[in-house]
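Readers should treat all values here as calculations from the given coordinates under stated rules, not as data from a laboratory. Predicted model, so just to flag it, every value in this text is computed and none were measured. Backbone-built Cβ (ideal geometry, glycine too); neighbour counts: all protein chains shown.
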Amino acid sequence: MSRDGGPVDDLPYGRILTGDCIHTMERLEAGSVDLIFADPPYNLQLPQELRRPDDSLVDGVTDEWDHFDSFADYDQFTRAWLIAARRLLSERGSLWVIGSYHNIFRIGRVLQDLGYWILNDVIWRKTNPMPNFRGRRFTNAHETLIWCAKSQDQKHYTFNYQAMKMLNEDIQMRSDWSLPICAGRERLREGDHKAHPTQKPESLLYRVLLATTNIDDLVLDPFFGTGTTGVVAKQLGRRYLGIESDPKYVALARRRLAGAKPRGNQEIQTTPSKRSLPRVPFGNLIERGMLSPGVILYDHSRRITAKVRADGSLVAGDVTGSIHGVAAALQGASSCNGWAFWFYDDRGKLRPIDLLRQKVRAEIVPAVAR
């Protein structure tokens with residue numbers, strides 16, 4: 001992958017594997033995948049054609065791949081592909097699966113039976129849903145996504161919290177997402193018909209991949225369809241593998257991916273989560289001469305003060321300890337973030353000590369990247 005600002009090369013992973021998803025996943029290397037996004041058959045089991053009030057035919061899901069003989073058969077299929085998927089996830093890997101009320105609750109039970117650990121269920125609220133033509137039910141205006149780790153014991157998984165806040169105008173991202181369904185120029189068509197009945201919008205995959213993967217991570221989509229996951233992965237500098245059994249969809253996905261433009265490395269960088277930043281002890285500022293032993297620190301109003309000691313501890317009267325402990329003690333609080341509480345005097349202006357920590361981090365991060 002290019003890290004010099006040029007386009008991201010998606011080879012050798014940027015390809016589609018043709019065949020049955022279960023058997024294909026069983027041949028891939030265990031622990032090699034950082035994220036799986038799955039849009040499996042919904043098992044709609046439509047008993048007859050669906051028509052509008054004017055008797056025109058609704059272009060719905062009638063394909064053979066969505067038909068199962070029974071719920072038991074669908075559950076067996078779900079269990080098999082989820083077992084194969086779990087084996088592929090890395091130690092930081094996670095899985096997303098999307099479905100409607102026809103199948104998502106059955107999938108959720110199988111996920112938990114297999115030991116997956118659900119992190120969130122996300123409601124995709126469609127801003128332009130298909131209406132309920134018969135007027136006998138509520139309009140189906142949402143689908144559900146389940147995001148999960150391999151197990152409850154999994155210690156780490158990728159979640160770009162700060163990037164999601166930036167995407168949402170610096171407000172914590174919620175688990176209900178209002179996004180349009182795939183339509184207009186993005187919707188692939190063959191004549192007057194949809195090329196794929198359940199093509200997902202790129203905006204949905206953009207949010208999933210930006211939230212739960214990093215640059216150069218490997219994303220697998222075992223139900224690749226027309227390649228939405230691959231297109232977004234390519235644009236965001238993630239590697240991808242798609243598995244698809246239908247040659248028609250494979251051909252459509254390949255043409256679509258050929259036209260997808262990788263973005264430069266600088267463009268796809270995101271705001272890092274604070275937890276992912278390197279730890280900088282307060283004492284490091286003393287060692288570097290950014291603050292000297294004996295300097296006075298203040299709260300924002302200059303009412304509370306403490307003196308810095310040579311080992312990076314603070315002293316205020318008979319209270320000594322870390323920047324956090326002393327700040328908490330002086331306020332009578334159980335805890336306090338000293339990086340946010342303490343300020344230093346810079347030629348008459350109070351500046352937060354966290355500015356100094358950020359300077360140290362700016363030196364550390366490029367060195368780590370090299």
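Observations on the model:
- Hydrodynamic radius of the range 193-239 per Kirkwood, over alpha carbon pairs, in Å: 11.0 Å
- Volume of the convex hull of the chain (Cα atoms only), normalised per residue: 194 Å³.
- Highest GNM mean-square fluctuation among 251, 328, 211, for the chain modelled with Cα contacts below 10 Å: 328.
- Distances between placed amide hydrogens fall under 5 Å for residue 187 paired with no residue 5 or more residues away or on another chain.
- Dimensionless Rg over Rh [the range 126-278; C-alpha; Kirkwood]: 0.99
- The chain: angle of helix 202-212 to the longest principal axis, Cα-based, in degrees nearest 10: 40 degrees
- Mean ellipticity per residue at 222 nm, deg cm²/dmol - from DSSP H runs of n ≥ 4 across the chain, formula -39500 (n - 2.57): -8500 deg cm²/dmol
- Relative compactness, the range 277-369, computed as alpha-carbon Rg over 2.2 N^0.38 Å: 1.07
- Cα gyration tensor, the range 309-357 - rounded (a/c under 1.5), prolate or oblate: prolate
- Rounded tilt (10° steps) of 104-113 against the dominant C-alpha axis of the chain: 60 degrees
- Karplus-derived 3J(HN,Hα), 6.51/-1.76/1.60, for each residue of the range 166-172, Hz, glycine and proline x: 5, 5, 10, 6, 6, 10, 3
- C-alpha long axis of helix 71-88 to longest principal axis of the chain, angle in °: 40 degrees
- Lysine pairs with alpha-carbon atoms under 19 Å apart, the chain, spacing 8 or more or separate chains: 12
- Residues whose amide H falls under 5 Å from that of residue 31, counting only those 5 or more places apart or on a different chain, are 88, 89, with hydrogens built in the peptide plane.
- Amide H contacts under 5 Å for residue 122, placed H, 5+ residues apart: 145, 146, 147
- Unit charges on C-beta of K, R, D, E only; dipole of the chain, Debye: 1300 debye
- Reported to the nearest whole Å, the Cα centre-to-centre distance from the range 106-122 to the range 157-228 is 20.
- Each of 71, 282 was scored by other Cβ atoms within 10 Å of its Cβ. Arranged with the fewest first, they read 71, 282.
- Order of 351, 254 under a 10 Å beta carbon neighbour criterion, fewest first: 351, 254
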